[in-house]
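A.B. asks: I have a structure I would like to understand better, so I am pasting it below and will then ask my questions one at a time.
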Amino acid sequence: MKRGDTSKYTKGGYRMAMWRRWKARDGAVLAICVMLGALVAGGPVGAQQTAQSRGQSLVIVQGQDPQNWDPIATFLLSWGMVGCNVFDGLVDRGPDLVLRPGLATSWKWISKDVLQFKLRRGVTFHDGEPFNADAVKFTFDRLLGPEGAKGPQQGNYTSIDHAQIVDPYTVNLVMKTEDPVIITKLAGYGAMIVPPKYIQQHDSAYFGSHPVGTGPFKFVEYNKDDHLTLAANQNYWNGAPRLAAVTYRFVPEVSTRVAELQAGRADIAQGVPVSQATVVKNDPNLVLLPVGSPTVIEVRFDPSKPPADDIRFRKAVIAAIDVQTIIQTILQGYGHRVSTFQSPLSFGNDPALKPYPYDPQQAKQLLAEAGTKAGTEVILSFPSNNADFREAAQAMASYLQAVGLKLTLQPIEQVTYFSDTLPHAKTGPIYEFGWGGWTLDFDNTAYLLYHKGEYWNPVFSDAQVEQYLTAERTTNDQKARLKAFSALDRRLYDLAIDFPLW
Amino acid sequence: MLRYVAARTGGAAAVLAAITLFVAFAIRLTGDPAAALFEGAGAPSTEDIRRIQHAFGTDRPFLAQYAAFVGHALRGNLGTSFRSGQPVVALIGERAQATLLLALGGMVVALVVAFPLGIYAATHRNALSDFLIRVGSLLGLSFPNFWLGIMLILILAVRVRWFPPSGYSGPASLVLPCGTLGIILASTLVRLVRASLVDTLGQQYIRTARAKGLRERTVVVRHGLRNALLPVVTFVGLQFGALLGGVIVLENVFAWPGIGQLALEAVSYRDYPVVQGVVVFALGVIIVNLLVDLSYGLLNPRVRVGS
């Protein structure tokens, strides 16, 4: 595969390209390396199989095996990257990130509470089972029932009361509450349509390791923690893929992932960190594709803890740190500054808001006004597995020292951080947070992080913020929502409750 | 005899109970599996967390959870993985073969490397070759195993492309992980073989053997090595248990689908049933020891009397 040769992607391959483009719009820290298979020299030795001998088969190495391919059982990006090739939703997100028909050819609100879908005819699951309204009803019954209750996806779809069959190719989703993001949610994760008979004949555990969908590639083989092999679905409703097969290999250690590329045993390695970017870039057989991500990294303030309870202190910290220099040096330029806690891809992002400028003099002045004494110690908590942020945090400590603050770094094990430290407000006055917003709609981020009492927002609360959140959530009028988001962005920006970085 | 069996079995059961209780308790102090499920693109609401805790049964009191685990374990059911939805017994079964293969392969490499070098060093004491072997073993001891693994990958897989860098795909894929493990183990073993053989070769009976006019090879191998083996065999036996722990890091480096990776992921995601299941599997060592103890009692009545 050649760099940028997306025209060679098939319908199925298109999805992989879509993923790349999605990431590419934002230009943050994730990267994909594509190996120029034709340039790999040397014959196979031992168990090796070089790119030349793989023909139309693609080998992708990724860091994580999701362990469960059932769409309702996971939220892992490593599932998303594979799952979109096996499953389809009623709605699909194209490579231009615009929503388009998937297994539904059209949809419309037939009343305030009922969303009606016309289904695509002639589609079959990989095992030959026909796709129809029964499959859609089964999918949503399962997602919203006891089976879905065991997984992380059910909460995304609780606005749906139930699915109702109108005829074999027409389905209504009857809503319980307003959900302006529901169409977007139907294009990803838990709303992927699954085969009723196959799951009933086997069980969910079997389905989780032998997935069957309607997507462009069908399941062939899965060895846990080793590899998953998919073959082209020649009957794919949107045209058969040109690739014959795709094998995903799971290699947790990043140096080994890069070695697999260098040894000619893989075509694409996902998730190459900044620290390995130069290794890839300097290899004449490899191509480094810096790609973007909707993920945004920021520093949040805990307003219940002094000195972060004082807005002047918060603004002083923001003014004291030169984020652009950190991006250029520590992140080697693989990142873009953001002004709010969302990427430019997000519906609700206000491009008119610009990041606060780097101004150490103003920072000193604000600290003096806030009465913060020179040498005041401030703790910055962050998940210990984030190596890039750790380096950036060390740079932040130097910047803050220059304005008279002593920043103490507090790395915390990742799961402890997200399931104990954050929910119980045990962080320091400053802490790191990263967030992607898979719906590309600010609602997903904003509600769960700024609405009072949410799992990851045990402290912050503001009446105006609540008002804007309610406004954007209770209407399907996207213009009204955009207006509410614009006001929300401005309010959060003014409060300086967080410090969006890149 | 019955008292002996009861005492040994009771002791082993107490150790099993204490360790599983401690692990089950400790893992619950460090994070919530319900929240860990949202890693990736998810953000849980408080309702999500409560719902999943209820589905997993982690909202029940700790002792109730532990009692259920023990009750099921006694019937051969170690529960179902929170993350994969698969039975824990099946997950362990799938991976045990890969880990045992890696451990055995590493041990074979260690023995093949350590014995010739140890014997050579012992029979050429204070020669340059002895010095080089000892320095080499010291270097081997100093390498962190993950670093050595990555170095071998870069040289033997990337540079000369003799072996695959990672994966579990045939005999060639065994070479680098087993080689790394073997080199680390051999570094200790070679010193032990040398020291033990040097000690043995200084004994009176070796002098007698030489005085009888036996060939040096016969003296060293038949009379010296055989007696020097006792501490070495003890060490190898003890190392085998430690080896299973040591493969965790190497399984990660070499993407080896074994128990080590399973345990690491289970701890990372607070997959309690899998963590507890792996501990029970590892504690199989206790059951083996118990059987050995009981066989002592059968074979040697003095052991029963002693007990």
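The values are calculated or read from the model by the stated rules, or taken from the named source; none is laboratory data. What you are looking at is a predicted structure, and each value in this text was computed from that prediction instead of being measured. Please note: Cβ atoms are built from the backbone with ideal geometry, for glycine as well, and neighbour counts cover all protein chains shown.
A.B. asks: In the stretch A:118-163, what residues are touching a Lys or Arg at 6+ places or on another chain (Cβ under 9 Å), of a type in the set (A, V, I, L, M) and not in a helix (DSSP H, G or I)?
C.D. replies: A:Ile160, A:Ala163
A.B. asks: Please enumerate the residues belonging to the stretch B:27-56 that are assigned to a helix (DSSP H, G or I) and among the small types (Gly, Ala, Ser). Steps first, please.
C.D. replies: Step one: of the stretch B:27-56, the residues assigned to a helix (DSSP H, G or I) are B:27-29, B:33-36, B:46-56.
Within the stretch B:27-56, B:Ala34, B:Ala35, B:Ala36, B:Ala55 qualify.
A.B. asks: Turning to a different aspect of this structure: Only one of B:Pro144, B:Pro164, B:Pro171 is buried (at least 23 other Cβ atoms within 10 Å of the Cβ), within 14 Å of chain A (Cβ to nearest Cβ) and out of contact with any strand residue (DSSP E or B) (no Cβ under 6 Å at 6 or more places or on another chain); which? Step through it out loud before you land on a result.
C.D. replies: Details: B:Pro144 fails: buried (at least 23 other Cβ atoms within 10 Å of the Cβ); B:Pro171 fails: buried (at least 23 other Cβ atoms within 10 Å of the Cβ).
Residue meeting the stated conditions: B:Pro164.
A.B. asks: Something else now. Going by what's in this entry, would B:Val109 be described as crowded, with 16+ Cβ neighbours inside 10 Å, more than 27 Å from B:Val253 (Cα to Cα) and in contact with a Gly (Cβ under 8 Å, 6 or more places away or on another chain)? Write out each step before concluding.
C.D. replies: Details: crowded, with 16+ Cβ neighbours inside 10 Å: yes; more than 27 Å from B:Val253 (Cα to Cα): no; in contact with a Gly (Cβ under 8 Å, 6 or more places away or on another chain): yes.
Spelling it out, it is not the case that B:Val109 is crowded, with 16+ Cβ neighbours inside 10 Å, more than 27 Å from B:Val253 (Cα to Cα) and in contact with a Gly (Cβ under 8 Å, 6 or more places away or on another chain).
A.B. asks: Condition first: assigned to a helix (DSSP H, G or I), within 23 Å of B:Ala55 (Cα to Cα) and more than 7 Å from every other protein chain (Cβ to nearest Cβ). Now tell me which residues in the stretch B:263-275 satisfy that. Break it down stepwise before answering.
C.D. replies: Here is the first cut: in the stretch B:263-275, the ones assigned to a helix (DSSP H, G or I) are B:263-268, B:272-275.
Next, from what is left, pick out any that are within 23 Å of B:Ala55 (Cα to Cα): B:263, B:265-268, B:272-275.
B:Ala263, B:Glu265, B:Ala266, B:Val267, B:Tyr272, B:Pro273, B:Val274, B:Val275, listed by residue number.
A.B. asks: Which of the residues that make up the stretch A:222-257 are at the interface with chain B (Cβ under 9 Å from one of its Cβ atoms) and not hydroxyl-bearing (Ser, Thr, Tyr)? Walk me through how you get there before you give the answer.
C.D. replies: At the first step, the residues of the stretch A:222-257 found to be at the interface with chain B (Cβ under 9 Å from one of its Cβ atoms) are A:223-227, A:249-253, A:255-257.
Listed by number, the residues that qualify are A:Asn223, A:Lys224, A:Asp225, A:Asp226, A:His227, A:Arg249, A:Phe250, A:Val251, A:Pro252, A:Glu253, A:Arg257.
A.B. asks: So, one more: Quick one: which residue in B:Asp32, B:Asp48, B:Asp59 is away from every other protein chain (no Cβ under 12 Å) and either within 21 Å of B:Ala266 (Cβ to Cβ) or buried (at least 18 other Cβ atoms within 10 Å of the Cβ) (or both)? Outline the logic, then answer.
C.D. replies: Values: B:Asp32 fails: away from every other protein chain (no Cβ under 12 Å); B:Asp48 fails: away from every other protein chain (no Cβ under 12 Å).
Sole residue among the options that is away from every other protein chain (no Cβ under 12 Å) and either within 21 Å of B:Ala266 (Cβ to Cβ) or buried (at least 18 other Cβ atoms within 10 Å of the Cβ) (or both): B:Asp59.
A.B. asks: Let me ask another. Find the residue count for the stretch A:147-176, including only residues that are within 18 Å of A:Trp69 (Cα to Cα) and either away from every other protein chain (no Cβ under 14 Å) or over 25 Å from the mean Cα position of the chain (by Cα) (or both).
C.D. replies: Residues meeting the conditions: 0.
A.B. asks: Identify all residues within the stretch A:272-297 that are within 23 Å of A:Phe389 (Cα to Cα), within 14 Å of another protein chain (Cβ to nearest Cβ) and outside any loop (DSSP other than H, G, I, E, B); write none if there are none.
C.D. replies: Correct list: A:Ser275, A:Gln276, A:Val279, A:Val280, A:Val296.
A.B. asks: What number of residues in the stretch B:174-208 are farther than 29 Å from B:Leu156 by Cα, of a type in the set (A, V, I, L, M), crowded, with 18+ Cβ neighbours inside 10 Å and out of contact with any Ser or Thr (no Cβ under 8 Å at 6 or more places or on another chain)?
C.D. replies: Within the stretch B:174-208, residues that are farther than 29 Å from B:Leu156 by Cα, of a type in the set (A, V, I, L, M), crowded, with 18+ Cβ neighbours inside 10 Å and out of contact with any Ser or Thr (no Cβ under 8 Å at 6 or more places or on another chain) number 0.
A.B. asks: Can you tell me how many residues within the stretch B:57-90 are free of Cβ contacts under 8 Å to residues at least 40 places away in the same chain, in a helix (DSSP H, G or I) and under 16 Å from B:Val274 (Cβ atoms)?
C.D. replies: Looking only at that region, the number is 3.
A.B. asks: Now, a different point. Just to check your reading of the model, which residue among A:Ala240, A:Ala269, A:Ala308 is outside any loop (DSSP other than H, G, I, E, B) and either surrounded by fewer than 23 Cβ atoms within 10 Å (Cβ to Cβ) or touching a strand residue (DSSP E or B) at 6+ places or on another chain (Cβ under 8 Å) (or both)? Walk me through how you get there before you give the answer.
C.D. replies: On the way: A:Ala240 fails: outside any loop (DSSP other than H, G, I, E, B); A:Ala308 fails: outside any loop (DSSP other than H, G, I, E, B).
Only one candidate qualifies: A:Ala269.
A.B. asks: Turning to a different aspect of this structure: Do the conditions hold for A:Asp161, that is, is it surrounded by fewer than 19 Cβ atoms within 10 Å (Cβ to Cβ), modelled with pLDDT under 95 and charged (D, E, K, R)?
C.D. replies: On the way: surrounded by fewer than 19 Cβ atoms within 10 Å (Cβ to Cβ): yes; modelled with pLDDT under 95: no; charged (D, E, K, R): yes.
So A:Asp161 does not fit the description; no.
A.B. asks: Look through the stretch A:427-457, keep the residues that are in contact with an Asp or Glu (Cβ under 9 Å, 6 or more places away or on another chain), without any contact (Cβ under 8 Å) to a residue 40 or more places away in the chain and more than 16 Å from A:Gln342 (Cβ to Cβ), and return whichever of them is nearest to the other protein chains (Cβ to nearest Cβ).
C.D. replies: Among residues in the stretch A:427-457 that are in contact with an Asp or Glu (Cβ under 9 Å, 6 or more places away or on another chain), without any contact (Cβ under 8 Å) to a residue 40 or more places away in the chain and more than 16 Å from A:Gln342 (Cβ to Cβ), the one nearest to the other protein chains (Cβ to nearest Cβ) is A:Tyr455.
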